[in-house]
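First up is the structure itself, then whatever we jot down about it.
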Amino acid sequence: MSANPITPAFKLPAFLLALGLLVSTGGCRIASEQEGFVEPDPPVELNIWLIPGSGLEPLIGQYQALHPELDIHIQISTFTQLPLKLQTSFAAGYSSPDIASIDISYLDQFKQFPEYFYDLSQYGAAELEKQFLAWKWQEALNGTFIYGLPTDIGPYALLYRQDIFSIAGLPNTAEAVAERIGTWEQFIETGKIIKEKTGKAFVNNLEDLYLAIQRQSPLQYYSPSGELLVEDNPQIKRAWEYAIEAHRLDLSAHTAIDTQQWGIELLTGDFAVMLCPAWMVGHIKSSAPTASGLWNMTLIPGNSANRGGSVLTLPKSGKHPEEAFALIKWLTSPQQQLAVFKAQGNFPSTPEIYEAPEIKDQLDPYFGNAQPGLIYSESALRIKPTYYGPHHTAIEENMLEFLTRVELRELDPDTAWTYAVQNAKKIDAGFR
């Protein structure tokens with residue numbers, strides 16, 4: 001095949017060229033004659049994908065102001081949409097962001113594809129290890145490969161209605177409640193007393209009870225070798241059985257979080273306790289602002305647990321990894337994590353600031369002048385590393401679907417468990 005012919009340059013008449021020159025220079029020397037003139041480089045464009053509620057947007061605005069050589073664009077996607085978009089962009093081969101926030105429950109899924117991410121150890125990230133909680137740092141690794149820098153975390157606390165405990169004849173100070181509800185057996189027993197004495201439900205729903213107990217296990221639905229553990233992890237069955245016992249005793253109000261009904265019942269006291277990850281505190285206050293002073297806070301039964309939190313990763317299709325790493329290093333620093341905590345309560349993954357007055361000495365009138373910073377700090381420091389596995393979210397959604405069908409009385413508990421296990425195996429097989 002012959003090469004494409006070269007089109008001759010189009011020539012303007014001489015008088016038009018002269019006129020153009022006069023107009024463009026305005027009687028001054030043209031740019032090429034200006035001594036020392038240098039055409040400025042265009043700004044480096046960074047695209048960052050975040051989930052709602054990260055609290056990072058104002059900080060990114062500050063960083064942009066400090067770095068005019070950058071042009072930073074933020075795109076917000078839901079907790080479930082962002083991983084799907086990222087996976088689609090990898091599969092399709094079109095540009096993904098320079099920075100992507102990935103929730104911890106999805107991260108093991110992406111660890112299967114290291115070729116799509118920059119190893120942050122190449123940019124000095126290993127030197128930051130001591131900055132973060134050991135268990136949180138461990139979750140961001142795969143061997144020596146560093147997938148991301150941690151942002152916030154979701155340690156648990158137990159919220160309880162002081163007035164309902166008093167009506168039931170139970171002590172209602174934080175210390176007394178923690179002592180009384182030190183195990184999940186004691187938790188259920190206290191729920192029975194609340195129900196008998198007040199007629200109130202104990203928990204908002206079975207799902208949140210199941211998740212709190214299940215999250216206390218260092219292994220979730222998968223072993224590190226990839227084996228599905230739904231039947232073989234005793235903590236999964238234990239979490240299911242406690243939720244079923246709460247159902248059998250009619251201790252659930254059947255109310256999902258972040259719904260209008262939930263906000264109403266937080267005020268009216270239709271349920272007595274909430275198993276509350278740190279990020280949920282802001283949701284509670286905005287959903288039921290007039291419930292201030294009715295709730296108090298203490299530690300959850302048993303071991304500590306985490307639900308939620310993200311890491312900031314650098315997809316390899318990003319064109320500016322050095323600039324992107326500098327940004328996420330700044331965003332995840334202790335000072336900036338403290339700023340996010342002060343602004344909206346997201347709990348930091350950097351323990352050196354747990355002694356800061358804003359955290360250590362925090363008194364929250366919404367929770368009867370409890371000290372959320374102190375309680376969540378203690379909870380965070382007790383958490384053990386958790387292995388989620390590559391398809392954690394899909395398996396968990398399946399388990400919660402069948403648990404909800406029990407709560408709605410569509411299935412009996414034994415049948416629901418059998419179906420949940422069978423369906424989990426089908427889901428897992430579909431990924432292999």
Given (1) assigned to a helix (DSSP H, G or I); (2) buried (at least 17 other Cβ atoms within 10 Å of the Cβ), residue 217 misses just (1)
| request: Using the structure shown, decide if residue 96 is in the same structural domain as residue 148 (by TED's automatic domain parsing), surrounded by 19 or more Cβ atoms within 10 Å (Cβ to Cβ), polar (S, T, N, Q) and at pLDDT 95 or above. | output: no
Given (1) part of a helix (DSSP H, G or I); (2) surrounded by fewer than 20 Cβ atoms within 10 Å (Cβ to Cβ); (3) modelled with pLDDT of 95 or more, residue 380 misses just (2)
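One line per residue, one yes/no per condition, for (1) assigned to a strand (DSSP E or B); (2) closer than 18 Å to residue 203 by Cβ; (3) not hydroxyl-bearing (Ser, Thr, Tyr):
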{"site": "149", "(1), (2), (3)": "yes, no, yes"}
{"site": "152", "(1), (2), (3)": "yes, no, yes"}
{"site": "156", "(1), (2), (3)": "yes, yes, no"}
{"site": "164", "(1), (2), (3)": "no, yes, yes"}
{"site": "169", "(1), (2), (3)": "no, no, yes"}
{"site": "175", "(1), (2), (3)": "no, no, yes"}
{"site": "178", "(1), (2), (3)": "no, yes, yes"}
{"site": "182", "(1), (2), (3)": "no, yes, yes"}
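With the structure loaded, tell me whether residue 415 is in a helix (DSSP H, G or I), among the β-branched types (Val, Ile, Thr) and either in contact with a Lys or Arg (Cβ under 7 Å, 6 or more places away or on another chain) or surrounded by fewer than 17 Cβ atoms within 10 Å (Cβ to Cβ) (or both) or whether it fails that test. Write out each step before concluding.
Working: in a helix (DSSP H, G or I): yes; among the β-branched types (Val, Ile, Thr): yes; either in contact with a Lys or Arg (Cβ under 7 Å, 6 or more places away or on another chain) or surrounded by fewer than 17 Cβ atoms within 10 Å (Cβ to Cβ) (or both): yes.
Yes, satisfied.
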With criteria (1) part of a helix (DSSP H, G or I); (2) closer than 26 Å to residue 300 by Cβ, residue 385 comes up short on (1)
Among helices (runs of 4 or more DSSP H) entirely inside the stretch 272-372, those with 2 or more residues being in contact (Cβ under 8 Å) with a residue 12 or more places away in the chain, in contact with a strand residue (DSSP E or B) (Cβ under 6 Å, 6 or more places away or on another chain) and in the same structural domain as residue 66 (by TED's automatic domain parsing) are 321-331, 334-344
In this structure, is residue 200 under 21 Å from residue 267 (Cα atoms), surrounded by fewer than 23 Cβ atoms within 10 Å (Cβ to Cβ) and touching a Leu at 6+ places or on another chain (Cβ under 7 Å)?
-> no
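The values are calculated or read from the model by the stated rules, or taken from the named source; none is laboratory data. Keep in mind the model is a prediction, meaning the values are calculated, not measured. When we count neighbours, we look across all protein chains shown, and the Cβ atoms used for this are built from the backbone with ideal geometry, even at glycine.
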